[in-house]
Structures are given as C-alpha cells and as structure tokens.
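J.: Have a look at this one.
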Amino acid sequence: MTAKDDLLALERGFWTGDAEFYRQNLDAVCVTAFTEMAGAFKKDDVAGMIKDNDRWRDLNIDVKAFLEPVPGLALLTYQVRATRKSGEPYAAVVSSGYIKRNGAWKMVLHHQTPLDAAKPGKST
C-alpha cells in the first residue's frame with residue numbers, strides 16, 4: 001500500500017470508527033477546524049466526543065489531492081458525502097494532515113468545510 005492508501009484507510013476509520021480508533025490514530029494533540037469548534041485538542045479529549053452508536057454510513061470519499069512534501073509528513077484533501085445516523089445527508093471538503101511516528105501515521109490536523117449536501121455534485 002502507498003502512503004495515500006494508508007491515509008485514505010485512516011480517514012474512513014475516523015468517519016466510522018469508535019473512540020478507541022481515535023485514541024490509536026490521533027497524534028497527542030490534533031488541530032481541528034469545524035464550524036462548531038476549532039483549536040488544538042488532546043487526543044483523549046477528541047476521543048471522548050465520539051459517540052460509538054452515532055457514526056456515519058454511506059461514506060463516499062472523492063480524493064482531490066495528496067501530498068507528501070517530506071517523508072513522514074502528508075496531507076490529504078477530499079470531498080466527502082455521508083449519511084448521519086438520523087438519515088440526514090452531509091457533504092464537506094476535508095483536509096487532514098498526518099505525521100509518521102514510530103512507523104505509524106498519526107493525524108495532527110483535520111479541517112472540514114461543509115457543503116450543501118442536498119445538491120449532489122455541488123461544491124463551493
């Protein structure tokens with residue numbers, strides 16, 4: 001597998017995985033930017049926000065860019081469409097940054113810009 005494949009698999013896990021997945025795959029501190037929260041958060045604090053019974057389904061990820069500017073540092077940008085547990089559709093442009101520590105990729109940055117999920121294919 002390539003680094004891009006590894007990161008894409010991790011991204012899918014962050015959308016569908018449980019709190020333990022977050023604890024295993026976030027760096028000690030991760031910078032996040034969502035419409036409802038932004039800042040640098042400790043991985044246990046982020047993992048504590050994950051509701052195991054409220055994960056995403058019908059996940060569709062369309063990779064827009066991947067860059068590994070130096071070995072062990074990688075960026076991934078994609079458009080996602082998914083369905084909340086409530087059945088509400090969600091779409092966003094997402095960027096994540098990863099660092100490789102002891103042979104494993106760890107997320108250090110995650111940003112989401114929501115899109116109008118009701119309009120398939122529409123992006124801003």
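J.: Of the residues in region 29-39, how many are free of Cβ contacts under 8 Å to residues at least 24 places away in the same chain and either among the hydrophobic types (A, V, I, L, M, F, W, C) or within 15 Å of Ala104 (Cα to Cα) (or both)?
T.: Start the filter on region 29-39 by keeping residues that are free of Cβ contacts under 8 Å to residues at least 24 places away in the same chain, which leaves 36-39.
Of the ones still in play, those that are also either among the hydrophobic types (A, V, I, L, M, F, W, C) or within 15 Å of Ala104 (Cα to Cα) (or both) are 37-38.
Total satisfying the criteria: 2.
J.: If you scan region 76-124, which residues turn out to be surrounded by fewer than 18 Cβ atoms within 10 Å (Cβ to Cβ), of a type in the set (Gly, Ala, Ser) and either touching a Phe, Trp or Tyr at 6+ places or on another chain (Cβ under 7 Å) or at pLDDT below 95 (or both)?
T.: Ser86, Gly87, Ala117, Ala118, Gly121, Ser123, listed by residue number.
J.: Let me ask another. Do we find a residue being under 20 Å from Leu8 (Cα atoms), at pLDDT below 95 and out of contact with any strand residue (DSSP E or B) (no Cβ under 6 Å at 6 or more places or on another chain) anywhere in region 55-65?
T.: Within region 55-65, one or more residues are under 20 Å from Leu8 (Cα atoms), at pLDDT below 95 and out of contact with any strand residue (DSSP E or B) (no Cβ under 6 Å at 6 or more places or on another chain).
J.: What's the number of the condition Lys85 fails, among (1) assigned to a strand (DSSP E or B); (2) within 28 Å of Lys51 (Cβ to Cβ)?
T.: Failing condition for Lys85: (1).
J.: Hey, among Arg81, Arg23, Arg57, Arg12, which residue is among the basic types (Lys, Arg), touching a Pro at 6+ places or on another chain (Cβ under 8 Å) and free of Cβ contacts under 8 Å to residues at least 60 places away in the same chain?
T.: None of the others qualify; the one that does is Arg81.
J.: Consider Phe21 carefully, then state whether it is out of contact with any Gly (no Cβ under 8 Å at 6 or more places or on another chain) and closer than 16 Å to Val108 by Cα.
T.: no
J.: So is Arg57 in contact with a Ser or Thr (Cβ under 7 Å, 6 or more places away or on another chain), exposed (fewer than 15 other Cβ atoms within 10 Å of the Cβ) and of a type outside the set (S, T, N, Q) or not? Step through it out loud before you land on a result.
T.: Details: in contact with a Ser or Thr (Cβ under 7 Å, 6 or more places away or on another chain): yes; exposed (fewer than 15 other Cβ atoms within 10 Å of the Cβ): yes; of a type outside the set (S, T, N, Q): yes.
The answer is yes for Arg57.
J.: Go through region 66-75 and give me each residue that's surrounded by 16 or more Cβ atoms within 10 Å (Cβ to Cβ) and touching a Lys or Arg at 6+ places or on another chain (Cβ under 7 Å).
T.: Matches in region 66-75: Phe66 only.
The values are calculated or read from the model by the stated rules, or taken from the named source; none is laboratory data. Computed from a predicted model, the values in this text were never measured in an experiment. Ideal geometry is used to build each Cβ from the backbone, glycine not excepted, and the neighbour counts take in all protein chains shown.
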